[in-house]
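Report on one structure; see the data block that follows.
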Amino acid sequence: MRSRIDKILLTILLIAFLVSLYLVFLWVPQIKASNVSEQIAQKIFYYHVPSAWLGFLAFFIVFVASVAYLWKRERKYELISVASAEIGVLFITLVLITGPIWAKPVWGIWWTWDARLTSSLILWLIYVAFLMLRRYLPDGSKRANLSAVVGILGFVDVPIVYYSIRWWETQHPKAVMASSEGSLAAPMFIAFMFTLATFTLLYIFLMKKRYQLLVLEDQVNKQFKEMELL
Amino acid sequence: MSTPALDLLDVSKDFGRIIALRKVALRVELGEFVSILGRNGAGKTTLLNIISGISKPSSGKVELFGSDPSDTVNKSKLAVISHEMFLYGNLTAIENLEYYARIYKVPNMKERIESLLHSVELTHRRFDLVNTYSRGMTQRLTIARALLHEPQLLLLDEPFTGLDQHAIGMLTKLLLEQKRQGRTILLTTHDLHIASELSDRYVIIEKHQITHNGPMKDTSPEAIRKKYFSIDTEVATA
Amino acid sequence: MRAALAILKKDLQMEFRSKESILAMWIFSLLIFVIFNFTFEVSRLVMLEIAPGLLWVAFIFSGMFGLNHSFAIEKENGNLRSMALMPVDGGQIYIGKFLSVTSIMLMFEILIFPIFVIFYDLQLSLQMLMLIPVILAGTIGFTSLGTILSAVSVHTRNQQILLSLLLWPLVSPIVIWSVNLTGVIINGEITASFYPLLIRVVAFDVIFFTLAYMLFDFILED
């Protein structure tokens, strides 16, 4: 099943990640910070923010696929929603890991019950629950129905969760694209956009692979089943 | 040609790795009594779910009284009796029946319930909680519940499992009465003798498809058994 | 509405016969108050500050009993399948279950509130009347999402744990808002920002009730 497109995609991804590493760590000028560890920690932003964006994109795809499933009742939409939920959880996990790594040198603490942090954690919990639900149910159209319903309810809840904790004082940096002088620094912007594009490509690649694998699993199992029926 | 009670054409149900039915075709005329024989997991329950509109087929055409099974009109013409009771243990017989009567918009609710309780011989226990009933009594109440809204089509999913002789006798009697009144009945069972005693036609489902479909009258249980001898062992263990 | 009311009546008949849910919820809330008192030995002032949160913790934890119970009784004798067979729209069945869960939870809340007032020595005032719309809106938000998610989780073997996993993150906005509103009423003056927040809770209720109403058909279907 390793098609040529996959090989090409993988090659592009490898190169893009190397370029992204170069841009982020060598090409972009260092920010002015009180100490070195803070300077280095700042680099995490180039991976932290794209992960968060892709987490949202992934959950949006879960939502779209869930609606499509309930409409068309086709297995492929169920598989798309599962693949996307899994990858979404992966990216939000990255967010929740990279965040504290940055926070420790800068804020002096790993975690704080800040609005942005709490809502990201809740988001993560919603989709972990979605995947847990699927584990507890036997395969079949019933499971597909139930998880599509949760996929829709979950995504509608996401903006509400963010909204609900907004009035809390947030320590989370807002003007992420501002340089130390406060203006948008062109190199930072370029490096960021490049990394974001690379991450999006990674998402597409992972989606494609995971989906293919799920389809393959179905085919194998169906083949066994058909052999039994002969 | 008149509209049949039930018309299935090339109905398949599969989902991902699961195959539940393969190209099932079945036509049941109004007033016919058909027995569906087959092993557990052969696809009998899926078939009944599709007929009752709970489950949608992946392909093929299903018509119940000439329209889609999930139509509200069709659902009110249908009753299912299975080994599951569809009753609440913490309610009395009367309360259970009143609940269903309200949902199914049964006219003259009180009289209808009284007469049904009488015909299943539960009048003396009508104010008792269902969870104090014996298995046979519960099943009799289940029958009353199913007949409450005078269904045109009865789907019976292994209704004889775990019943005592008395209850089996009563259920058989009631079914024959329903048949006399022109109701269409579909019965899934392991019990070849009951099937041959009651039904006009038998259908055998094996490996998710219909393998035999024939009239009952010129067949003996032994002949069916020969066609499908694996049932033999199950009858022996039942 | 006929079918919804029939379901409501049936559920209430059963509840009043056994009092299973309300009693369990009430005792459980009492336990929560007691345990919190021992685990956080704080001054009265601090206690007043955490009291709104405590009240909602009691409501929500106990509410889980009601939600779990509500669909456990439907699963017991195959009644979930029987509901799918009914000649009524799935939305009707949702409304019926929603009404029964909500009314049982509200009854329990009425029973536990006096205990809360006594334990935390709250000063009763006219402003306290504003708790009625707040508790009503918060409870409806909790039960509108809870009813559909309970119907989802009842299909699994671990329905209780799964309901918590699904419901708590999703219902967290409602809980946060309700705690805030309750805090304003108990500890301070109702300000201009109070009403927009209350409206937000109501908007949440409407969104999730409508969504659940529309989606319930898919849960019954196989």
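Quick notes on this one:
Matching residues to (1) modelled with pLDDT under 90; (2) within 21 Å of C:L220 (Cβ to Cβ):
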{"site": "B:D10", "(1), (2)": "no, no"}
{"site": "B:K13", "(1), (2)": "no, yes"}
{"site": "B:L30", "(1), (2)": "no, no"}
{"site": "B:R39", "(1), (2)": "yes, no"}
{"site": "B:V62", "(1), (2)": "no, yes"}
{"site": "B:L97", "(1), (2)": "no, no"}
{"site": "B:Y100", "(1), (2)": "no, yes"}
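- Of all positions in segment B:5-15, at least one carries a residue that is within 14 Å of chain A (Cβ to nearest Cβ) and touching a Pro at 6+ places or on another chain (Cβ under 9 Å).
- Test: C:E20 is within 19 Å of the chain's Cα centre (by Cα), among the acidic types (D, E) and at pLDDT below 90: yes
- Within segment B:116-149, being under 24 Å from B:L187 (Cβ atoms), more than 13 Å from chain C (Cβ to nearest Cβ) and either open to solvent by 60 Å² or more (accessible area, probe 1.4 Å) or basic (K, R) (or both) holds for B:E121, B:R140.
- Scanning segment B:63-74 for residues that are surrounded by fewer than 21 Cβ atoms within 10 Å (Cβ to Cβ) and in contact (Cβ under 8 Å) with a residue 12 or more places away in the chain yields B:E63, B:F65, B:G66, B:D68, B:S70, B:D71.
- Lone qualifier among C:F98, C:F108 - being modelled with pLDDT of 95 or more and surrounded by 22 or more Cβ atoms within 10 Å (Cβ to Cβ): C:F98
- Among the residues making up segment C:134-168, a single one is part of a helix (DSSP H, G or I), within 7 Å of another protein chain (Cβ to nearest Cβ) and open to solvent by 10 Å² or more (accessible area, probe 1.4 Å): C:L165.
- Count of residues meeting criterion [in a helix (DSSP H, G or I), hydrophobic (A, V, I, L, M, F, W, C) and either in contact (Cβ under 8 Å) with a residue 40 or more places away in the chain or open to solvent by less than 10 Å² (accessible area, probe 1.4 Å) (or both)] in segment B:92-110: 4
- Segment C:41-70 - residue that is under 24 Å from C:I174 (Cβ atoms) and surrounded by fewer than 17 Cβ atoms within 10 Å (Cβ to Cβ) and, of those, modelled with the highest pLDDT: C:F61
- Residue selected from segment B:41-60 under the condition more than 12 Å from chain C (Cβ to nearest Cβ) and part of a loop (DSSP other than H, G, I, E, B), by the criterion modelled with the highest pLDDT: B:S58
- Remark: B:L187 matches the filter, which requires a residue to be within 15 Å of the chain's Cα centre (by Cα) and open to solvent by less than 10 Å² (accessible area, probe 1.4 Å).
- The residues of segment B:11-52 that are open to solvent by 10 Å² or more (accessible area, probe 1.4 Å), touching a Gly at 6+ places or on another chain (Cβ under 6 Å) and under 15 Å from B:L64 (Cα atoms) amount to a single one, B:G31.
- Among (1) of a type in the set (S, T, Y); (2) within 23 Å of C:L8 (Cα to Cα); (3) touching a residue at least 60 places away in the same chain (Cβ under 8 Å) - the single one B:T161 does not satisfy: (2)
- Residues of segment B:154-172 classified as surrounded by fewer than 18 Cβ atoms within 10 Å (Cβ to Cβ) and under 19 Å from B:E32 (Cβ atoms), total: 1
- Checked against (1) closer than 30 Å to B:E121 by Cα; (2) in contact with a helix residue (DSSP H, G or I) (Cβ under 6 Å, 6 or more places away or on another chain); (3) more than 13 Å from chain C (Cβ to nearest Cβ), B:G38 passes all but condition (1).
- If the condition is being over 20 Å from C:L54 (Cα atoms) and open to solvent by less than 20 Å² (accessible area, probe 1.4 Å), then segment C:198-214 contributes C:F204, C:D205, C:F208, C:A212.
- Selection status of C:N187, within 27 Å of A:L121 (Cα to Cα) and open to solvent by 50 Å² or more (accessible area, probe 1.4 Å): no
- Qualifying residue in segment A:5-22 (condition: within 26 Å of A:L216 (Cβ to Cβ), at pLDDT 85 or above, open to solvent by less than 30 Å² (accessible area, probe 1.4 Å) and hydrophobic (A, V, I, L, M, F, W, C)): yes
- Restricted to segment A:142-185, and to residues there that are more than 24 Å from C:L170 (Cβ to Cβ) and not in a loop (DSSP other than H, G, I, E, B), the residue that is modelled with the highest pLDDT is A:L184.
- Among the numbered conditions (1) assigned to a strand (DSSP E or B); (2) over 19 Å from the mean Cα position of the chain (by Cα); (3) not acidic (D, E), the only one that B:G89 does not meet is (1).
- Filter result for C:E15 (in contact with a helix residue (DSSP H, G or I) (Cβ under 7 Å, 6 or more places away or on another chain) and of a type in the set (D, E, K, R)): yes
- Unique match (being part of a helix (DSSP H, G or I), out of contact with any Ser or Thr (no Cβ under 7 Å at 6 or more places or on another chain) and open to solvent by 60 Å² or more (accessible area, probe 1.4 Å)) among A:V220, A:V215: A:V220
- Segment C:170-182, subset open to solvent by 10 Å² or more (accessible area, probe 1.4 Å) and either within 7 Å of another protein chain (Cβ to nearest Cβ) or of a type in the set (A, V, I, L, M) (or both), residue farthest from C:F194 (Cα to Cα): C:S172
- Residues of segment A:115-149 satisfying the condition of being facing chain C (nearest Cβ under 9 Å), closer than 23 Å to C:R81 by Cβ, in contact (Cβ under 8 Å) with a residue 60 or more places away in the chain and of a type in the set (A, V, I, L, M, F, W, C): A:A148, A:V149
- Selection count where residues are closer than 22 Å to B:F160 by Cβ and part of a loop (DSSP other than H, G, I, E, B), scope segment B:17-30: 0
- Condition check for A:K72: modelled with pLDDT under 90 and basic (K, R): no
- Count of residues meeting criterion [in a helix (DSSP H, G or I), open to solvent by 20 Å² or more (accessible area, probe 1.4 Å) and within 14 Å of another protein chain (Cβ to nearest Cβ)] in segment A:69-88: 6
The values are calculated or read from the model by the stated rules, or taken from the named source; none is laboratory data. Just so it is clear, the structure is predicted and the values come from calculations on it, not from any experiment. Every residue, glycine among them, receives a Cβ derived from its backbone with ideal geometry; neighbour counts consider all protein chains shown. When the accessible area is computed, the model is the full protein with side chains, heavy atoms only, and any ligands, DNA or RNA have been set aside. Shrake-Rupley method; radii C 1.70, N 1.55, O 1.52, S 1.80 Å.
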